[in-house]
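The values are calculated or read from the model by the stated rules, or taken from the named source; none is laboratory data. Quantities reported herein were computed from a predicted structural model and do not represent experimental measurements. Heavy atoms of the whole protein, side chains included, go into the accessibility calculation; ligands, DNA and RNA do not. Shrake-Rupley method; radii C 1.70, N 1.55, O 1.52, S 1.80 Å.
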Amino acid sequence: TTKILNSNDDDDDEDNSGMFDETENMEGNWMKKSTSIDFMPSEMQNSKDDSTYMDVGINGKTFGIGGLSRRMHEAMMVVATKQFPSGIPEELGDVYLLYSMDASAKEAVKVAMDSNGYALNLGDDESMQDEGAWGQIESVSFVDSETGDVIKGEDGSTSYESFTDAIAKGGWEPGDGFSFVVREIPSRKKAMDLEALLKALDPDGTLWDEAKDKGMLLPGDDIGSLKELATDCEQRVNSAPREANDEFNVYRGGTSMGYNVIQRSSLLKASRNPDGSENQKTLLHVMDSLANHGCIIVDLTDEDKSPEVAE
């Protein structure tokens, strides 16, 4: 993973943090926000665009693009050979070359952006995956995969303005290392996942080890049995903060202290007033309990006078 850092970012825009300016780079690798957007995919012109456009410079030696392009091309040739058993049409040869060069470049950009907290934002439109649709390619140069030194193409040039020119004029072949610059890449900031967050909070794993020693199930742990589920539930209940008062000090509302238990007989119809109206004392007790506690505690035995009722 190549981390591209920015040591000369003068503004306070947090979107630029973790990026390296083009004028000061790490072995040809750099990343910065695009200063102007001349290129806009037609599919996105009439829609809400939430992308952050980035410019990225990639060193072919650092990212091993030569070897990747060779593997991609070989995989495509296996499929093409089955599709065209009598021979691959000559006009498709350059198409396969261009695709393998573009696809390997895109994979290198994905890795560079991922290590800096960004991701390509190409949407679900398949046309955005096409060559040239995901950014503006320029400054393509061939490099020695071992030393990283720039190598001249077949026409003697050391730089090309597109992958097409690098193939047609420079004679690029799969396996050849190459560096490049791609501008105006639609991207988005990646959300920090749970694992990354925990690592940031506990970089050396001390808190994680202590929790595991106590038998606590942590985020990311799989619950594989009912016993583990019960342990997890018990741990969550017992770890929740709780405060309690005894029955004489608990707040009941108003100026009174303690929680008054109401007798079962007081809630019976027989305890109503002779005219059928509710007993005022009972009514106030019930309303007070509901208002202050949200519940009523009832003594079903009427102070042990009718234990058989509770049974």
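Things worth noting here:
- C-alpha center-to-center spacing [segment 130-167, segment 75-127] in angstrom: 16 Å
- Three-way shape label, segment 70-118, alpha-carbon gyration tensor, a/c 1.5: prolate
- Anisotropy class of segment 263-311 from Cα gyration tensor, a/c 1.5 cut: oblate
- Measuring with a 1.4 angstrom probe and ignoring ligands and nucleic acids, residue 272 comes out at about 100 Å² accessible.
- 32 Å Cα-Cα threshold exceeded, pairs from 227/305; 110/227; 61/169; 110/169; 32/61: 227/305; 110/227
- Overall form of segment 53-170 per C-alpha gyration tensor (a/c, 1.5; a/b vs b/c): oblate
- Length gained when the stretch residue 70-residue 311 is fully extended (0.36 nm per residue, less Cα-Cα span): 78.5 nm
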